Each structure stands twice: as structure tokens, then as C-alpha cells.
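Participant: Take this structure first; my questions come after.
The values are calculated or read from the model by the stated rules, or taken from the named source; none is laboratory data. Quick caveat: nothing in here was measured; it's all calculated off a predicted structure. Cβ: placed from backbone, ideal geometry, glycine included. Neighbour counts: every protein chain shown. Note: areas computed on protein heavy atoms with side chains; ligands, DNA, RNA excluded. Shrake-Rupley method; radii C 1.70, N 1.55, O 1.52, S 1.80 Å.
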Amino acid sequence: MADQQDYLRALLNDSGEPTWERAIAKAREEVDGLDNVTLNIAVTGETGVGKSSFVNAIRGLKKKDVGAAPIGFTETTIEPTMYPHPTMPNVNFWDLPGIGGPTFKAKTYMKDVKYQNYDFFIIVSASRFKENDMKLAEEIKKKKKNFYFVRTKIDFDVSREKEDGASKEENKIIEEATLKKIRKDCLDNLRTLGPPPVFLITSDDLEMFDFKKLVNDLERDLPDNKRNALVMSLPVYSKECLDRKYSLFKKEAWAVAITSGAIAAAPVPGLSTACDVAMVVSFLTKCYHSFGLDDGSLDKLSKRVNKPILEEVKKSKLVKAIAKKKSLAINVAARLAAAGVIEALCLLVPGAGSIAAAAVSVVTTQSVLLEGLNELYSVAKRVLEMAELK
Ligand SMILES: Nc1nc2c(ncn2[C@@H]2O[C@H](COP(=O)(O)OP(=O)(O)O)[C@@H](O)[C@H]2O)c(=O)[nH]1
Ligand SMILES: [Mg+2]
């Protein structure tokens, strides 16, 4: 028990709070914040520039997938269309009506699309940014919201410039020169904004060009809980992206363990009071979706890279349990039992101090959370290796 007391002390220390009451309150706030936070991202720009394609790509969807925004479709209304994230319904992407035409009025547009509902704006263009893009950015700035310029279809520009028969190295040089030129063109045109952030991307492959930089900037500018929601919601497009998610969940496990554990001085120890199985289940389910281990995501990835990934992943008992949902609570309870939580609690009854029970509970809950997280992380890493994504 002394070990666990030490562990608890260390845990309190890590929380940065002077008392358990304060640490628990902070943990609750963190867990609630993540569950209740909403993130609304507006995507705007002229018709045909790739807004809908971007909305799909950032949600990990291809144009034929269920829930995908229609591509090559000309908007006729002024109504923004909401596309919720497929597995995180509190993260919404808004495909705004196309801006354009000589009569375009940024001020009216902002009002019509209800600008106040969005956390930030992404202004998309497939060529140089134009007058209307600038007018809009100025208006967004006035409203004290952030905006980011995204120049899409870069794959198209690059492949047009590349030469047949050129070596890989030569083409790399051509690619770099093309990107430099486009970046300069965009910035020259947006000079008066001073210079604003511009990201070169292709919705066909987020791993390429500046998507990573865009995410870094968004993360930098968002408040904590919104930033976490964004990172968790992104499709796993690289090992680096997976690692970001992993470290975020690892940090989160602390708050979940404390909140779900009986540290709030549950008077009668027992499994139900010692650990909220539902919270552990919900945490692991979130990791599973965020790491792209659900059948839908894997199916899409298998098709994209033309490799049978699904079967390999299903070898993980935890992935199987989460996929089936029903058996997950039993699986988690079994893990808690295996970790010794029930046994330890039986020894404590009756009359043992609740802090001792709490120690057992938090320590084991956290170990179960981390063990589950690590298992899902290693499966996700294996998936990336199989898909040959770096
Ligand atoms: N090569 C390439 N084509 C794109 C990209 N983004 C969009 N497109 C194509 O551009 C066209 C218009 O895209 P869409 O997303 O419907 O534009 P929207 O009108 O702004 O919503 C479609 O044919 C898309 O397939 C991209 O990043 N690369
Ligand atoms: Mg569209």
C-alpha cells in the first residue's frame, strides 16, 4: 500500500494542484471540457476551388463515402451546410456558399452565414487569391476571428510542371521551385493583409505539402480543449499525426483515472464505486476512432493503399471488443480484475481508509487505461506500416 500512497502523492504533484479536492475538480473540468467542447470550422472561397473536397479530406472521407459533401456541385443557396465529423459529432465543418461575382459584399456575406458561429475560417483558392478573398479576410479580421488561406490543387500544379523522363531528384527540384513560386504569388497578392498565413495543400493527400503546417498553426491558435478536439478528430495521415494523438490521450488518461476512480472518497469500496467502467470504455472507444481503427476507416485505407489491412487489425482482442461494443464493458472489467483491483478492494473491506481504496482504484484504472491505449497505439502503428504511411 505504501507504493500506492507514494504513487498518489506523485499524481497529486503532477496535477500541479495543492489538494486532492482541487486536483479532482481540475480533472473533472478537463474530462467534461473534452466531452462538451464544440468546434465549428468554416470553409469558404469561390465556387469550384475545392471547398467541399477539403471538407471531406479533413474528415477522412472520400467523395463517394457516406456523409461526404458533394463534389463539383454549384451552390445556389446562401445557406451554409454542416458536415459533422463521422466519429466526433461535436466537431463540425461548414461548407459555406461560394463567394464571387462583382456584386459580392463581404459584410453581408458574413452576416448571412452567421459568422459568429464559427471558431475560425479557412479561405480556399485554387489559383491566386482574389479581391473577394481579401475583402472577406478583412471582414473576418474586423470580427476578431482567425482566418487561414488554403491554396488547393497543388498536386495539379506540380504534376503540370514536372517533366517526363526527368529523374526523381530533378522532379523534386521542379516541385520545390513550383511551390516557391505559388507561395510567392499568393503572398504578393495578399500583401496588404500583412502577410497572412498561406498553406499549399492537396485534398487528395493530406500528407503532402503544407497540411501539417496548417494543423500546427490551428493548434497554436486554439484554446486547449478545442485544440484537443481538433487533434483527436483529424484523420491519421502520418506517424507524426498518430504520435500527437497518442501523447494527447496519454495526458488525458490521468484526468480520466482520477475522475472515474473512487478518489472522491467513495465510502464503500467495490468495483462499481472504485472505477467507472463506462468512462474507461468511453476513453478507449475515443482512442479507437481517433486512431482510425474502426472498420469504416480501415476499409477506406485498405482500398486506398490496395492492401488487406482489416484482418490484421482484428487480431487485437481490444479492437475486436470495441468494434463489437457489447463485449467491451466485460473486457474492461476483466482487465480491471486482472490488474488486481477487485482483489485489492476485497482486502480493504471493511473499515479501511477510503484514500487507500482510492489509491488502488486510481492506480489500476490508470494502468488499464494506459495499457489499452498502448495496445491501440501499437495496432495503429502497425496499420501505418502496412499502409506504408510515414
Ligand atoms: N487535383 C485536385 N483536384 C481537386 C482538389 N480539390 C478539389 N479538386 C477538384 O476540383 C473540382 C471542384 O471541387 P469541389 O470540392 O466541388 O469545389 P467547391 O465548389 O469549392 O466545393 C472537383 O472536380 C474536385 O475533384 C485537389 O486538391 N486536387
Ligand atoms: Mg462545394
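Participant: Yes or no: D204 in a helix (DSSP H, G or I) and open to solvent by 20 Å² or more (accessible area, probe 1.4 Å)?
Facilitator: So D204 fails the test.
Participant: Tally the residues that are within 16 Å of ligand 1 (Cβ to nearest atom), closer than 30 Å to D294 by Cα and without any contact (Cβ under 8 Å) to a residue 40 or more places away in the chain, restricting the search to segment 83-116.
Facilitator: Residues in segment 83-116 being within 16 Å of ligand 1 (Cβ to nearest atom), closer than 30 Å to D294 by Cα and without any contact (Cβ under 8 Å) to a residue 40 or more places away in the chain: 1 in total.
Participant: D119 is checked against (1) within 15 Å of ligand 1 (Cβ to nearest atom); (2) within 30 Å of C287 (Cβ to Cβ); (3) acidic (D, E) and fails just one. What number does that condition carry?
Facilitator: Here D119 meets the rest and fails (1).
Participant: Scan segment 212-248 residue by residue and report those that are small (G, A, S) and not in a loop (DSSP other than H, G, I, E, B).
Facilitator: Listed by number, the residues that qualify are A229, S233, S247.
Participant: Just to check your reading of the model, which residue among K162, K212, K153, K184 is free of Cβ contacts under 8 Å to residues at least 40 places away in the same chain, within 30 Å of E139 (Cβ to Cβ), open to solvent by 60 Å² or more (accessible area, probe 1.4 Å) and within 16 Å of ligand 1 (Cβ to nearest atom)?
Facilitator: Numbers: K162 fails: within 30 Å of E139 (Cβ to Cβ); K153 fails: free of Cβ contacts under 8 Å to residues at least 40 places away in the same chain; K184 fails: within 16 Å of ligand 1 (Cβ to nearest atom).
Only one candidate qualifies: K212.
Participant: Need pairs with beta-carbon distance below 7 Å; first residue open to solvent by 30 Å² or more (accessible area, probe 1.4 Å) and away from ligand 1 (no atom under 16 Å from the Cβ) and within segment 22-46, second at pLDDT 80 or above and not in a loop (DSSP other than H, G, I, E, B); sequence gap 6+ or separate chains.
Facilitator: Short answer, once both residue conditions are applied: E30/A255.
Participant: Also, quick follow-up: Just checking: which of the helices (runs of 4 or more DSSP H) contained wholly in segment 48-142 hold 1 or more residues that are over 30 Å from S297 (Cβ atoms) and either in the same structural domain as I154 (by TED's automatic domain parsing) or more than 16 Å from ligand 2 (Cβ to nearest atom) (or both)?
Facilitator: Once the helices (runs of 4 or more DSSP H) in segment 48-142 are filtered for at least 1 residues that are over 30 Å from S297 (Cβ atoms) and either in the same structural domain as I154 (by TED's automatic domain parsing) or more than 16 Å from ligand 2 (Cβ to nearest atom) (or both), what remains is 106-112, 131-142.
Participant: Mind listing whichever residues of segment 184-207 are among the charged types (D, E, K, R) and under 19 Å from K51 (Cα atoms)?
Facilitator: D204, D205, E207
Participant: Could you run through segment 163-178 and say how many residues are within 19 Å of F199 (Cα to Cα) and either of a type in the set (S, T, Y) or touching a strand residue (DSSP E or B) at 6+ places or on another chain (Cβ under 6 Å) (or both)?
Facilitator: So the count comes out to 1.
Participant: Kindly evaluate K64 against the criterion of being within 15 Å of ligand 1 (Cβ to nearest atom), open to solvent by less than 20 Å² (accessible area, probe 1.4 Å) and not acidic (D, E).
Facilitator: On the way: within 15 Å of ligand 1 (Cβ to nearest atom): yes; open to solvent by less than 20 Å² (accessible area, probe 1.4 Å): no; not acidic (D, E): yes.
No; evaluated as a whole, the condition is false for this residue.
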